[in-house]
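Coordinate-derived values only; no laboratory data. This structure is a prediction, so every number in the text was calculated from the model and none was measured. Glycine gets a Cβ as well: all are built from the backbone with ideal geometry, and neighbour counts include every protein chain shown.
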Amino acid sequence: MLKQCASCLKRKPYDQFSVNNASWDGLQRLCKECDKARAKKYYQDNLEQCREKRKQWQDENYELHLEHQNKYNSSEKGKKTRRKFRARKKFTEKEV
């Protein structure tokens, strides 16, 4: 079965749409790709507001934030990111 995205107007399979139980067909109006682009644009256009909101959440949910942070840092993606950061930090310290 196919559904048309309200943004790009392409007909795509149902698995290309996120779930929305409030809609008549149980799917979002935008495909995942267009929804991701919309969210990215919103974040870029409202950068300060998004940062403040994230910081506020982190302050209000300190224990949960630490739990999420520790879980990410112990994952492969987190370890890889830390290695990149350390290498970049060493490189910039040598230049100074």
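Some observations on this one:
- Cut-off under 5 Å, modelled amide H: who pairs with L27 long-range: N20
- On Cα atoms only, tilt of 32-45 relative to the major axis of the chain in degrees: 50
- Cα-centre dipole for the chain with unit charges at Cβ (Lys and Arg positive, Asp and Glu negative), debye to 20: 720
- Acute angle (nearest 10 degrees) that the helix 76-95 long axis makes with the longest principal axis of the chain, alpha-carbon atoms: 50
- Taking the Cα atoms of region 48-95, the ratio Rg/Rh between the radius of gyration and the Kirkwood radius comes to 1.13.
- P(r), alpha carbons of the chain - 10 Å bins starting at zero, rounded %: 13, 21, 31, 25, 8, 2, 0
- Think of the chain as a dipole: +1 on every Lys or Arg Cβ, -1 on every Asp or Glu Cβ, centred on the Cα centre; then among T81, A6, N70, T81 lies furthest on the positive end.
- Over region 2-42, all Cα pairs binned in 5 Å intervals from 0 give whole-percent P(r) values of 6, 28, 32, 23, 10, 1, listed from short to long.
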